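A.B. asks: Structure in structure tokens, see below.
Where a number appears in this text, it was derived from the coordinates with a stated rule and is not lab data. Keep in mind it's a predicted model, so treat the numbers as computed, not measured. Note: ideal-geometry Cβ built from the backbone for every residue, glycine included; neighbour counts use all protein chains shown.
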Amino acid sequence: MSELPYAKSFRELIAYQKSRQLAQAVFETTKSFPREEMYSLTDQIRRSSRSIGAQIAEAWGKRRYEKSFIAKLVDADAEQMETQHWIGVAYDCGYINRKQAIELRDKSQEIGRILGGMMASSSQFSNPEALALRETQAEYFIEN
């Protein structure tokens with residue numbers, strides 16, 4: 001098995017890309033929810049689905065510290081589980097059909113599996129060269 005290339009940005013992570021796709025699918029699906037759900041179910045499922053990608057991006061920013069990296073990935077995984085919960089609620093309320101619920105749930109679970117793999121191999125996400133300072137050092141003192 002060949003070694004995978006090191007990602008240069010969180011945007012290159014498959015988990016992040018799939019989280020964006022899930023958030024968009026949730027957004028499109030929730031457009032048809034009843035107006036009275038705007039500030040409850042619609043808001044909740046949109047927030048949790050959008051938070052998955054945000055947590056992955058934060059994890060990437062903390063990858064220098066493996067435990068912090070894992071902790072943020074755990075947060076992302078919790079958000080995808082919350083999204084699954086709200087998908088179930090939407091199905092129970094009759095706002096989405098079985099096919100829609102299964103498709104959204106499957107997307108969320110796939111992200112969860114990817115996050116699990118990332119946590120299991122978290123040390124591979126710390127590339128010392130990628131963590132090095134990428135800009136010239138700022139001047140901290142002004143010379144008179």
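A.B. asks: Going 7 Å from the Cα of Arg47 along its beta-carbon direction, which residues of segment 82-108 have the amide nitrogen within less than 18 Å of the resulting point?
C.D. replies: Of the residues in segment 82-108, 82-90 have backbone N under 18 Å from the label point off Arg47.
A.B. asks: Quickly work out the Ala120-to-Ser40 label distance, labels modelled 7 Å from Cα along the C-beta direction, and quote it in nm with one decimal.
C.D. replies: 4.0
A.B. asks: Among Val74, Val89, rank each residue by its count of other Cβ atoms within 10 Å, from fewest to most, as a rough exposure measure.
C.D. replies: Val74, Val89
A.B. asks: I'd like the FRET efficiency for Glu139 and Glu66, computed as 1/(1 + (r/R0)^6) with the beta carbon distance as r and R0 of 41 Å, rounded to 0.05.
C.D. replies: So, using R0 = 41 Å, E works out to roughly 0.80.
A.B. asks: Calculate the length of the line joining the C-alpha centroid of segment 54-112 to that of segment 1-52, in whole Å.
C.D. replies: 8
A.B. asks: Using a Debye calculation, one point per C-alpha and no hydration shell, please list log10 I(q)/I(0) for segment 11-128 at q = 0.15 Å⁻¹ in order.
C.D. replies: -0.62
A.B. asks: Continuing with this model, one more query. Residue separation times 0.36 nm, minus the C-alpha to C-alpha distance between Ile14 and Cys93: what's the value?
C.D. replies: Difference between extended and current length: 25.3 nm.
A.B. asks: Sticking with this one: Rank by packing, highest mean first: peptides 23-34, 46-57, with packing defined as the count of other Cβ atoms within 10 Å averaged across residues.
C.D. replies: Highest to lowest by the protection proxy: 46-57, 23-34.
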